[in-house]
Amino acid sequence: MDLLGQRWMLRVIWKLESGPLGFLDLRRRMGNCSSNMLSARLQQLQSAGLTTKNGPRGAYELTTEGALLAESLQPLWSEQWTPTGDGNGRIPWRPTR
């Protein structure tokens, strides 16, 4: 997976840190990113044991391991990174200076 894909995975974790979200709500909060991209990232995060989906139409949420990862990444999110880009997911994250 390329660096952009990894950034999108981190962004999913960041968005789910505040609580469970359905697919469409998560997609909206991620700037209406591509459904295929989001679906692929969610599958990868589920395979890694970091997220889970409750029920066939349920919400995605962080597992215990995912929550621990999100907690360990908190200093990175709150101090060094901010969302940037044009709202279409072309540049989802860029470090601040």
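The values are calculated or read from the model by the stated rules, or taken from the named source; none is laboratory data. Just so it is clear, the structure is predicted and the values come from calculations on it, not from any experiment. Glycine also receives a Cβ, built like all others from the backbone with ideal geometry; neighbour counts cover every protein chain displayed. For the accessible areas, the whole protein counts, side chains as well, though only heavy atoms, and no ligand, DNA or RNA atoms are used. Shrake-Rupley method; radii C 1.70, N 1.55, O 1.52, S 1.80 Å.
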> Considering only region 51-73, how many residues are in a strand (DSSP E or B), of a type in the set (A, V, I, L, M) and touching a Pro at 6+ places or on another chain (Cβ under 7 Å)?
Replying inline: 0
>> Whether any residue in region 75-97 is assigned to a helix (DSSP H, G or I), open to solvent by less than 50 Å² (accessible area, probe 1.4 Å) and modelled with pLDDT of 75 or more is what I want to check.
In response: no
>> Please go through region 1-30 and give me each residue that is in a loop (DSSP other than H, G, I, E, B), surrounded by fewer than 18 Cβ atoms within 10 Å (Cβ to Cβ) and at pLDDT 85 or above, ordered by number.
In response: Glu17, Ser18, Gly19, Pro20, Gly22
